[in-house]
Structure formats: C-alpha cells, structure tokens
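Taking it in order: structure first as structure tokens, then the write-up.
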C-alpha cells in the first residue's frame, strides 16, 4: 500500500495569513498550541467560541482566557522541526443506497490492488508547513476573580 | 483575538505532525521555497510497520503519544466564515492532535525479495517464453494458471525501500527487469553472457572502455539468441553505459566469470579444484586481453584454500567454493558456522569472511577478540572457537 506525502507549496489548508502577532509562534499560516488536558465540549462545537487569545507585544507572553480561567503561555522552540501534514476531506461520494448492486460491483473492481491484494493508492497527505516553535500553556488554569463578561462555549477540563 | 472551534475535521480535512530529521527538513524547506513539487511515500503492507521513503532513503515511522493536546490553529477557511459573528482577528482550531510521528533512518527492507523471487530465475532457453505464454490460453484451458508475474511496479508498491535503494538491491541481486517482470538471472547464464561479451569485444576489436552497445547486442542476438534487453541490462551491471557506449568494469566482469567457474567446486560437496587448474581455466574463460586481471584476490570471501595434505601429490593448494554471502549475518552464528567449517583459521584466511558484518578492521578485531580465541604457534596466530 502506498500513501503519498506531497511536498507542495500550494497549500489549500488554511484561509490565509494569521494575524501578525501570531507569526513568531509558528509559520505565517499556522501555529501549534499545546496545552495540558483536552478541550471538552458537550454540544456541537463548530464555530463555537473557545476563548480569547492575547499576546503582549512587549514581552511576547501569550495568555488564553477561557471562561473564568486564565492560561499563561510561552514560546517554546521545538527540539526537532515538525512538518504539518494535511489531508483534505474525502470528496462527497454517492451513498450506498443510491447505488444498485451492479454499480457497486463495478466500483469494487475499479480499485487498483497491489501484489498482496491491498488497495494500491491511499489518499495522500500534503506538507503544508514546517513549524519550529510552538505556543505552550504548560500550567494549570488560574481561576479569575474579577467578573469579566464571560464568553460561552468552552471550558478547560483536567485529565 | 478570538480563538474558536473550526468546522468538524471530517468536513475540513485532518492534520498530522511529522518530526523531521535535519536533512529532511532542509529538503522540505527547499521544496516549499522553490515551488517545486516532490513526493515522499509511506509504504507498507497492513501487517508491516510503516516506513516513509524519499527518493533515496528509508525511514521507519514511530508514533509518539502525547499526554498534552496540540491544537492546530489557522485562519478560518472560507466555508466557516460565511456564518455570522466572525471578526477580522479570529483564528480557529482546525484539529486537536495527541500524537507526533517520529522518523528513524532505517535500512531498506529488501530481504523479502529473496523469497518473492525464488523460482523465477531467468535461464538459457527462456528466450521463447513469450510465445508459450500466448499459446497457453487457447490450447490448454484446463492447465492450472501460472503463478502471477511479480513486476517492478509490484516491488515498488509492496517493498519498504526507496526507489534508489530498490534499484541498487535489484542490481546487486542481479535481477533482470523483462517487460516489467522481475527475473533474477541464473548464475550460469550470467557467466555465459559475460564470456560472450568478452569474446565479441576481442573478435570485433572494440575498445573495452567505449564499446558500442548495439554492436554487441546484435552479435549476441544473431549468433546466440540472447535478447538485447538481457544483454543491455547485464552490461549496465558490469560497467557504465553512456551515449550508446559501454565502458566495461574489468575487475567486476573477471570476478563474476571466476565465480562462475568456481561455483562448480562446492566446498560442501568435497570436490576441490587445484589452484593452478582453476586459474588457467579462469584465464582461458576471460581471454588473452583480460588475462592479467585474473587474481585470486578478486574472489576473497568466496573460496576456501586447502593446502595439500597428500605428501606424494603436488604440494599445490586446492580451492573450493565457499561464499560468505550464504553465512549468517549475526556474528555469533557466523563464527559458529566458520568454526564448524574449520576448527582453526589463520587471521588472513578468516578476515574475508568477516568483512561483510563489520565496517572496518578495528571492528573486525573486536569481533575476533569476542568470538574467537587466538593461539600462537610456530606458524603464526591461529583463531579457534572459544570454549563454552
């Protein structure tokens, strides 16, 4: 089985350049943010607000405010550069119900198989960026006492 | 600026992180900058450990699981900004990752090739195969179908090696690519082709540093029915083909022909050949022009030389075929094999059989120190097996 990894400069993964204050944390179009635990949500999360990310222009310190919690981040050099691989979504295919028996078997035969019978080509990945730094929020979130209008949607949950 | 969740990764594509060794990082950056497209390939069968192949190297892929999460953050893609309430500064989380892929340089995994190619030798008399194949279909319907051909493309798709490493591996194993199919050439047939090539070089009085390829292939085809595609591949193994001219690697050819003769006198069949007989046979086979290149040194690691024990016969040593390539690669097993073959070895005699498994003389001496015992007598230093 072969999975191509393409090194191309024409990436279609992002919607353009990031705000300039973020550029030092990764590449022009993409940054990596590392945090302890995971962001957990109950409901559908697409488009939901997570928090507010701020970068102090002078100290280059970053903070992330999620609900009542404040995270302090720093810039960390990666021990080894990371290539960020991106795989575009699977193109919409005809669902099985729409196909009758005949069509389906034709499609089965169309799949190129290699010597051992495995599917020959898999969907490939594109190298969209090389990142040498990451933004790390390594500490536990600090509760915020002051009552600031809270953005809904997310909360940090410890593992 | 606001950090938001992007659309579900099933709709917008997913991400992976791949740790880059310095040389690969340079490659990626160059290709991203210079706008050229290159492709690496992840290879493996479902039960293999995956490897990543560049054009000339192979890397094993290991997954490192992270306890932290890594968020991939970009600008929102167009589809998600269509909704309301998006600001200029907003960035989105495209994917949450818990794994980094690490690359470790690895040797090409070509050992399986030996098994895959077993029984597919190309030998004399296989020239007419194409015709047999085409008749087979209509004439003998009931015959069990022939084994599926194993092609170069199959090898490229299923073997975990980069293209350059695969090509080198095929060359070293003397595998012909005939109409895409891989066929290791039978050693005897290879010797025949090489001997013919040398003969024609002389009889057509062609210079061996720049012999026209077509002259030779035509001669071999007309007089001996050896296909040009076989001849040209053999020529490429034993020299350089440039601009239709073949520059022959004399030592490589002479060595292969010597091996071809020696192969008939296998050590394990207890049928050695006197050294002088062998050398004169060898010289005849390579012809006058290349006679002076004949030297037993070319065959080091492929033969055992036995001093004559019979006091009445000529005191000449005898030779027998004993290729180091058939010995185990693991040091302990190799030493065990060597000491089963002979109970004691002179340092110079054992050295050629160790060169494959150590990078330099220093490492060889270390191996000898570890796995053998040195005894000095009037004749010099002998190595014997260590007592268990």
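None of the figures in this text is laboratory data; all of them are computed from the coordinates on show. Here the structure is a predicted model, which means the values were calculated and not measured. Every residue, glycine as well, gets a Cβ built from its backbone with ideal geometry; the counts of neighbours run over all protein chains shown.
One table, with the values for the structure above:
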read-out: GNM result for chain B, Cα springs below 10 Å: residue of B:277, B:175, B:51 fluctuating most strongly; value: B:277
read-out: Linear extension gain, residue B:173 paired with residue B:268, 0.36 nm per residue minus alpha-carbon span; value: 31.9 nm
read-out: Anisotropy class of region A:29-73 from Cα gyration tensor, a/c 1.5 cut; value: prolate
read-out: Cβ-based exposure ranking for A:86, B:265, in which fewest neighbours within 10 Å come first; value: B:265, A:86
read-out: Chain B: angle of helix B:22-34 to the longest principal axis, Cα-based, in degrees nearest 10; value: 60
read-out: Residue with peak Gaussian network fluctuation, chain B [Cα springs, cutoff 10 Å], from B:343, B:326, B:36; value: B:36
read-out: Calculated FRET efficiency for the pair residue A:52/residue A:142, C-beta based, R₀ 25 Å, to 0.05; value: 0.95
read-out: B:53, B:358 arranged by Cβ crowding within 10 Å, fewest neighbours leading; value: B:358, B:53
read-out: Sequence of B:339, B:353 once ranked by neighbouring C-beta atoms within 10 Å, starting from the fewest; value: B:339, B:353
read-out: At R0 = 41 Å, FRET efficiency that the Cβ-Cβ distance of residue B:114 and residue B:36 yields, to 0.05; value: 0.65
read-out: Acute angle (nearest 10 degrees) that the helix B:250-262 long axis makes with the longest principal axis of chain B, alpha-carbon atoms; value: 60
read-out: Rounded to 10°, Cα long-axis angle of helix B:331-341 versus longest principal axis of chain B; value: 20
read-out: GNM result for chain B, Cα springs below 10 Å: residue of B:125, B:13, B:180 fluctuating most strongly; value: B:13
read-out: Prolate/oblate/rounded call for region B:182-242, Cα gyration tensor, a/c under 1.5 rounded; value: prolate
read-out: Residues in region B:254-279 reached by a label modelled at residue B:306 [backbone nitrogen below 20 Å; 7 Å Cα→Cβ]; value: B:259-279
read-out: Three-way shape label, region B:263-385, alpha-carbon gyration tensor, a/c 1.5; value: prolate
read-out: For region B:231-388: relative contact order, % (alpha-carbon pairs under 8 angstrom, 6 or more apart); value: 17
